[in-house]
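The values are calculated or read from the model by the stated rules, or taken from the named source; none is laboratory data. Since we're looking at a predicted model, the values are computed, not measured. Counting neighbours? That spans all protein chains shown, and the Cβs are built from the backbone with ideal geometry, glycine included. Only protein heavy atoms, including side chains, enter the accessible area calculation; ligands, DNA and RNA are left aside. Shrake-Rupley method; radii C 1.70, N 1.55, O 1.52, S 1.80 Å.
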Amino acid sequence: QTNKQTNKQTTLNMSDSRGTIPTALTPLETFIRILPSILLFTILMWCCCKGEAPNSTNTSFESSPADRQARREAMESQLIIKNVIRASPPSRRPSVRLLTSSDRAYSSFFSAIRIPNASADVKFSEDCSSIHCDDDESLLIIQAEEGKLHVATTDQDNSPHAASADASAGVHFSDSTIHNQAGKQQQQQQNVDDDNEDADTAARQALASDADEKERDSSLLSCSNRTSVSWVPSEEEDSSCSSEHHYHHQQQQEQQQQLPEQPLALPPPTTAPPTLRLVRRRKSNIIARTISMSLRSSISSLQQQQQQQPVSFSPSGFYRNHEQPQQQQQQQHLRHMDQKVDAMGALPKKPYPYNLDDLVPPDNDFTTWTAPGGNRFAEYTKGDDPYNIITPDIRTKSDALARSRRVHVKNAMKFAYKAYETYAFGHDEVLPQSKAFGNNWGGMGTTLVDSLDTLWLMGLKNEFWRGRDWVRDHLHHDHVGSVSVFETTIRSLGGLLSAYDWSGDEAFLTKAQDLGDRLFKAFDTASGLPMGQVSLSSGSLRNIGWAGGNAISAEAGTLQIEYRYLAKVTKKKEYATKSENVYAVLKKMNPPHGLYPYYIRNQQNPPTFANNRLTFGAMSDSLYEYMLKIWLQGGKTESLYREMYDAAIQGMHDELLSTSTPSGLVFIADKNGEKMDYKMDHLVCFMGGLLGLGAYTDPLGLESERAQRDLKTAKALTYTCYQMYARMKTGISPEFIQFYPDKDFEPGRGAPHYLLRPEAVESFFILNQLTGDPIYREWGWEVFSAIERYCKTDVAYGELDNVNDVNGTPRNKMESFFLAETLKYLYLLQDPDTEVDVLNKHVFNTEAHPLRIFPVIDKEAKEENR
């Protein structure tokens, strides 16, 4: 009020001065007359900015109602734990202050803080007022839950220490903070060392990071947030806040001395999932981590605000509100944090909440299944780990439930393959409505060859050996004309090689080498990039006509796993060298951001790009897949492939990764020149599994910032792919989706159909095997149930015309990849007993044919020769 009166009086004085100036005065006289007012106004403004207005003892700055409301909302949505980090002499030992708003108390919270010189001797005072830390660096965990304070630490060898005490002994609740006696005394000290200042600044930044960073006036909100919890000013604090902040610090010191203290009372645990924030300070030995708990009400409020904001896709960042790179990096170590906490066993975690007890009966009726709808499991939207501890009991239940489900997936395979054997044996495809056959791939028994390893992995050995007999006695390639080099390699060559790798039967290798020799002629080009089509009978070459006479980048870069394996088992190195040369050529082309347009002029040397469209969908997808998988196949020793993969994934994050409104779904958009196309193919859904696999095998380690970024993106993208299914009326995804402002997405124009594609369930399988999270089995079971309900015919399964038509009839078409990929991934997802190991033993080609990696082949060969 004093400030308002002072400002008002200043305005009146200036008005009076201006009102009494005669019009005939000279400029000098005018200046002299108004000079006192100017000086008075300048002094008052300087005092206001410094927080030292006249009679400042009784003065407080009044913020607008909007500012106060913003401050309250920010404080109510956050729970901050502030820790003074420096280990000091006994008179200034580090202590804990627990801060919350005056309107709410929170049931559980914890913070992990790096404390220098603090592992060997961690003591919790008798009255719970302070923590005494000495000696080497350690990880300190502080938790308050249900009236208890828990403190745990690990030293450098991860030896656990823990202590707990009643919170009511020394922690008290006041009007604006929960604080302890030591913290209150320390609040009165005027001299705070530099490390404490850095800790305060880190905590402030953690709080401010939840404000809208893209708005510059967020500094006002940040100031009001800081003053409400009595922060100590820092030299690094921006000038727009420092004066007011220092002034309120003095005010609250005096106010808190007069506030009565009451025992802390904690309400029942909240169900809101924790949102984690990590802050790194410049000083080498200080890392402050704060973990904020957001209540459901505040989350709902924020979502409503987001829905009212205009759409703002962010191809250069992860979130719609354009988070700064530093903020993105701050969220990438969180899994590492969870792992350390889990290893200590000191902090309780929220268990997986979904039902795992209802086993699926053998006679389950899928004809009554209805799609449960989208927008569920929203806690997985951003790629977080909401239930980041999977206990042995949860794993046991999940595995038991999965075994009851895999029976039905196996039955689906038996049902479809029986139709193939009955109506189309030896031909490329069975037609599921007309009960006839088709030969779209040259009449090479494509469905049979593509299905061999699926039969093996499901234990359908009778069907497998019948297939082997046909391959040995009836499969010939010399009569086949022009075929797609890419499709024939991944389906037929890959299928034969995988059947050989699992069974060891030489019949498969003999046929694979014959086919490989015929396809291998495609590499005889001036550029070294293969042609798109080759005649298996004559060897003539050409590119695909509809591609404008160009090579397709995904096709050129998706032959190497097969030919490298063939070279390994036949000892013919040329298979490897010629196919690997493709990546040497692509590397020299050196596109911006490591992202390759999908048309390449390959009949000239050097080759050049024929368009500038960037996508991780059709015609580019498996190029990026093989960058990583070739590196894995060779035992992680050939750095070229991993470097190309890492560059491409960085480019994807920088250029294409976007987020929808209003739900915040993460997706990979397309880009045509400088124009963004906010669509995503179902084909892109393989990226969830690929990014997860890349993160777990990152040369920098799973705990690195890059790996954690990629893993988070993998999970968020996979959730979006799940929503592509769940939001359709049939529970089945369209061929691609188009994103729109404030609508998230709709089926793409002209693409409401479903082709029995596997990419989403591929990612479900890989992420489940990597993380152990049962949620991916739940999503996969929904997809399988939808396929059983809407795609099944009298004899097999067919594609859908419209995924939003629950009364539609399946098409008379079933691609071989439905048996080779879709059903295989669905089965492996629900098979806890599988021998397949994507992390240590196998690499899948892009048609889901698993092959042993080279180090495993070499190791097993040595063991056999002993």
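Here the Debye sum runs over all C-alpha atoms of region 554-645 as equal scatterers in vacuum, and log10 of I(q)/I(0) at q = 0.18 Å⁻¹ comes out as -0.80. When the surface is traced with a 1.4 Å probe over the full set of protein chains, Phe425 keeps roughly 80 Å² accessible. Between Val534 and Val483, Val485, the built amide H atoms are under 5 Å apart, and every one of these is 5 or more places off in sequence or on another chain.
Legend: residues Leu35, Leu595, Leu755, sorted from most to least accessible area (1.4 Å probe; ligands, DNA and RNA excluded), read Leu35, Leu755, Leu595. When each of the peptides 779-788, 494-503, 832-841 is scored by how many other beta carbons lie within 10 Å of its residues on average, the order from highest to lowest is 494-503, 779-788, 832-841. Protein-only accessible surface at a 1.4 angstrom probe places the residues Glu555, Glu847, Glu746 in the order Glu746, Glu555, Glu847, largest first.
Cross-link pairs exceeding 19 Å in C-alpha to C-alpha distance, out of Lys410/Lys792; Lys382/Lys636; Lys587/Lys629; Lys841/Lys862, comprise Lys382/Lys636. The accessible area of Lys679, taken with all protein chains in place and a 1.4 Å probe, comes to roughly 30 Å².
Can you tally the net charge around Tyr420? Count Lys and Arg as +1, Asp and Glu as -1, for every other residue whose Cβ sits under 13 Å from the Cβ of Tyr420. Around Tyr420, the charge tally is -2. The distance between label points at Asn581 and Val836 comes to 3.4 nm (points 7 Å beyond Cα on the Cα→Cβ vector). Positive contributions from Lys and Arg (+1) and negative ones from Asp and Glu (-1), summed over other residues with Cβ under 10 Å from the Cβ of Ser535, come out at +3. Computed 3J(HN,Hα) for region 565-575, one whole-Hz value per residue from the Karplus formula 6.51 cos²θ - 1.76 cosθ + 1.60 where θ = phi - 60°, is 5, 4, 5, 5, 8, 9, 6, 9, 5, 4, 4, glycine and proline marked x.
Going 7 Å from the Cα of Lys859 toward and past its Cβ, which residues in region 762-776 have a backbone nitrogen under 19 Å from where you end up? Correct set: 770. Of the listed residues Glu864, Glu463, Glu762, the order by accessible area with a 1.4 Å probe, largest first, is Glu864, Glu463, Glu762.
Each residue, Ser540 and Asn355, gets one label point 7 Å from its Cα in the Cβ direction; the gap between the two is 6.2 nm. Return a whole-number percent for the relative contact order of region 537-634, with Cα pairs under 8 Å and 6 or more residues apart as the contact set. The value is 34 percent.
Relative to the current alpha-carbon distance between Thr422 and His753, full extension at 0.36 nm per residue lengthens the span by 116.4 nm.
Across region 788-866, C-alpha contacts under 8 Å between residues 6 or more apart give a mean separation that, scaled by the residue count, equals a relative contact order of 17 percent.
In this simple spin-label model, placing a label point 7 Å from the Cα along the Cα-to-Cβ direction at both Leu39 and Thr391 gives a separation of 7.7 nm. Short-range pairs are left out: with C-alpha atoms under 8 Å and at least six residues apart, the relative contact order of region 721-779 is 23 percent. Protection proxy ranking for 734-745, 537-548, 804-815, using the average of other Cβ atoms within 10 Å per residue and placing the highest first: 734-745, 804-815, 537-548. Taking all protein chains into account, the per residue accessible area for region 340-497 stands at 43 Å² (1.4 Å probe).
Rounded to the nearest Hz, the phi-derived 3J(HN,Hα) couplings of region 371-381 under the Karplus curve 6.51 cos²θ - 1.76 cosθ + 1.60 (θ = phi - 60°) are 5, x, x, x, 6, 9, 6, 5, 5, 9, 4, where x marks glycine and proline. With the whole protein complex present, Val480 retains an accessible surface near 0 Å², based on a 1.4 Å probe.
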